[in-house]
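Pasting a structure below so you can have a look.
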Ligand code: DGJ
């Protein structure tokens, strides 16, 4: 719910020259966003400054203006202009500007026609709508809709606050959306040039937030290839702590999701604020502890190497950020994110549908496959209950290793003998669907495409191009480049019954410069590139609504909410080892739902870490995600092969709860990596699945008591392990006994409410 109130109050301030208190009145407009568990308040002062008043635990008090402490602040603009600098550098601002005395992190920085970079945004008005507005970026040759939350009419409310800068004519429209029944709040902005001269946006953040304290822990998700989204937590300290990407994608190394929590916060208790950027390119998130031990937080497109020219009349769409507050710990914050992503970000036919159990040939064959090999895998897989064969990298051009053919999206008939249609028909005849891999953003130096269009690779004239995995990045800011790739993809998709696409992206951007942009607009390329990717994924998902799209980037380097707008699932990591996956999946689950996490059972010794784990454990860990196989089913041990039908049956039985239910992490794998446990509870609390993984066995008294969560305390639950019946209260307050022997062992237990 959003309310707007005009508040007029008497204050007094101490006038040190007069040596007495001077009375004054302030009339402000107070905007209050109320969600089931949180309140967010903003005030527009008479002077036009838009101040941040409160974000946190829900309070239904109508007047939170006292939190601004206007009388206490000696530099309230209404009554004291003589030291505006101090007012600017200490006041909590809603969308802080650069250049007028606020030296903390700013939300917006704009270069005017004289080269000045100061801007002064003041309140002009507001409106409220119950239709969620789309975020659209108009480009020269098309309009791109940015990924953002959506909602049915009447199921959300959006507040738009308008601010304007008199000297440039720049207007900022700040958008805030609340959703029925959700504790998530979406924020974005649209910056429009209503002046008569060009301006350059140098920084435009999606969210800014001033906290009254610095007593928080800062949580980020860091890693590298095959080790994505490993949680790191530390108390805030003076100065700035930030996480970012300048690689052109959200990256393996960091993720556009951060949390600020109370020091005592854990899964079940304490305060947690989560901030998630709905964007897939360069980003930054910074928490700055200021001189008075308060905290300013900002998040948005990374302003490093960024600028955007705004001609008179033009507008810039600032990507959306999602914020969630929980006073019931990190777990509750995660569940709110899972719900809002599942309901308001993920779209398309597979939004609420079970995904087919797939087998992907990457770890089975790498580049070494042909039609017969793929059919032999499919024949075996179909008998075991696997529902889809995915042909990974290596089927096109003359690619037989990673050194060629990206950009040549025609079938290599030396490998796919008889053509793709014939292969797909054979797979379909086995009762299986067929999926295919593309890496549409890339170009190999050894490709017909590069020989014909060397300028299509992103490059800086006069410099050698940096190769990574022997490939270059296509200039996706250019529509003709996207069109060419898309028409090649269409030819493939229209030629055979393809029901799934894995869209991969295996390198980061370097020598960023486009032959299509003038010198003084090259800093737009990073963002234009991402818009180009969005444009193509949008066309693809519109034209082929029945195809299940899975995004991927060298594993999980583009696991972000921007990508989830197009694909309901993303490949989580190239590390398929069940034990490594515990941290990767736990980190990912902090805000992304299990329904989105690409997870497969692979062969052992694991190709990334060389570890051997039981087949059952690999299955139990992959159950937390989309589930599938990444192995040569014709060559794995017979015992493992024989276990597949039962594993799939288990997946089918439990996936509805995993896909739609509530996740409770029961162990902190980041603090104690010898054990892990989690559970998913159906929304009606009627059933739950519980999984425990014992990484390392223990001598003597080895069983563990694990406190369950999310159950109905008064209900009685039976389980399929020992058929005992216990109340939810006993299972949650006292615990459930996990008695596993040995290393890398796992157990999945089904709890059902007894009648
Ligand atoms: C990286 C992906 O993460 C892998 O699953 C695989 O598709 C390779 N790329 C293929 O090149």
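How far is helix 578-588 tilted off the main Cα axis of the chain, in degrees rounded to 10, range 0 to 90?
Rounded to the nearest ten degrees, it is 30.
Same structure, new question: Given only helices, namely DSSP H runs of n ≥ 4 each adding -39500 (n - 2.57), what is the per-residue ellipticity at 222 nm of the chain, to the nearest 500 deg cm²/dmol? Walk me through the intermediate numbers first.
Working: 13 runs with 145 residues, N = 755.
Using -39500 (n - 2.57) per qualifying helix, the result is -6000 deg cm²/dmol.
Over segment 620-716, calculate the relative contact order: mean separation of alpha carbon pairs under 8 Å at least 6 apart, over the residue count, as a percent.
Numbers: 97 pairs, mean separation 20.4, N = 97.
In percent, rounded to a whole number, it is 21.
If you fit an axis through the alpha-carbon atoms of helix 525-543 and take the longest principal axis of the Cα set of the chain, what angle between them do you get, 0 to 90°, nearest 10?
50 degrees
Which shape class applies to segment 330-469: rounded if a/c is under 1.5, otherwise prolate when a/b exceeds b/c and oblate if not, where a ≥ b ≥ c are the square roots of the Cα gyration tensor eigenvalues? It would help to have the intermediate numbers written out before the result.
Values: a/c = 2.51, a/b = 1.15, b/c = 2.19.
Here segment 330-469 falls in the oblate category.
Could you sort 395-401, 94-100 so that the peptide with the highest average Cβ count within 10 Å comes first and the rest follow in order? Intermediate results must be reported in sequence, preceding the final value.
On the way: 395-401: 19.0, 94-100: 20.7.
Result, highest mean first: 94-100, 395-401.
Could you tell me the relative contact order of the chain? Use alpha-carbon pairs under 8 Å, at least six residues apart, and round to a whole percent. Don't skip to the answer; put the middle values down first.
Working: 1901 pairs, mean separation 71.6, N = 755.
Once divided by the residue count of the chain, the mean separation gives 9 percent.
Along each principal axis of its Cα atoms, how long is segment 263-358 end to end? Whole angstroms, biggest number first, please.
Result, largest extent first: 48, 43, 25 Å.
Between residue 166 and residue 752, what is the spin-label point distance in nm, taking each point 7 Å from the Cα along the Cα→C-beta axis?
7.2 nm
For segment 98-344, what's the relative contact order in percent, using C-alpha pairs closer than 8 Å and at least 6 residues apart? Present the calculation step by step, with values, prior to reporting the outcome.
Working: 682 pairs, mean separation 53.8, N = 247.
Across segment 98-344, relative contact order equals 22 percent.
Place the peptides 203-212, 118-127 in order of packing, highest mean first, counting for every residue the other Cβ atoms within 10 Å and averaging per peptide. Don't jump to the answer; show the numbers that get you there.
On the way: 203-212: 23.5, 118-127: 17.8.
Top to bottom by mean Cβ count within 10 Å: 203-212, 118-127.
Here is a further query. In µm²/s, what is D for segment 620-663 at 10 °C and 1.306 mPa s, where D = kT/(6 pi eta Rh) by Stokes-Einstein and Rh is the Kirkwood radius from Cα pairs? Intermediate values should be presented prior to the final figure.
Working: Rh = 11.5 Å.
Translational D for this selection: 139 µm²/s.
Given the convex hull over the Cα atoms of segment 504-585, what projected area results after averaging over all orientations, in nm²? Could the numbers behind the result be given before it?
Numbers: hull surface 27.8 nm².
Convex hull of Cα atoms, orientation-averaged projection: 6.9 nm².
Follow-up. For segment 358-571, which semi-axes, largest first and in whole Å, follow from the square roots of 5 times the eigenvalues of its Cα gyration tensor? If you can, show how the numbers build up before the last one.
On the way: eigenvalues 192, 67, 42 Å².
Taking √(5λ) for each Cα gyration eigenvalue gives 31, 18, 14 Å.
Mind checking the alpha-carbon convex hull of segment 612-719 and giving the volume per residue in Å³?
Numbers: hull volume 15.1 nm³, N = 108.
Normalising the Cα hull of segment 612-719 by residue number yields 140 Å³.
Measure nothing fancy, just the Cα-based angle from helix 479-495's long axis to the longest principal axis of the chain, in degrees from 0 to 90, nearest 10.
30 degrees
Pull out a ≥ b ≥ c, the square roots of the eigenvalues of the alpha-carbon gyration tensor of the chain, then state rounded if a/c is under 1.5, prolate if not and a/b is larger than b/c, and oblate in the remaining case. Write out the running numbers ahead of the final one.
On the way: a/c = 2.26, a/b = 1.32, b/c = 1.71.
Verdict is oblate for the chain.
Answer rounded, prolate or oblate for segment 1-133, using the Cα gyration tensor with square roots of eigenvalues a ≥ b ≥ c: rounded when a/c is under 1.5, else prolate when a/b is larger than b/c, else oblate.
Working: a/c = 2.05, a/b = 1.11, b/c = 1.84.
It is oblate, given that a/c is not under 1.5 and a/b is not larger than b/c.
Another question, then. Place the peptides 711-722, 695-706, 22-33 in order of packing, highest mean first, counting for every residue the other Cβ atoms within 10 Å and averaging per peptide.
Details: 711-722: 15.6, 695-706: 11.8, 22-33: 17.5.
The most tightly packed comes first, giving 22-33, 711-722, 695-706.
Read the figures in this text as sums done on the coordinates, not as results from a lab. Fair warning: this is a prediction, and the values are worked out from it, not measured in the lab. So basically every Cβ, Gly included, is an ideal-geometry build from the backbone, and we count neighbours across all protein chains shown.
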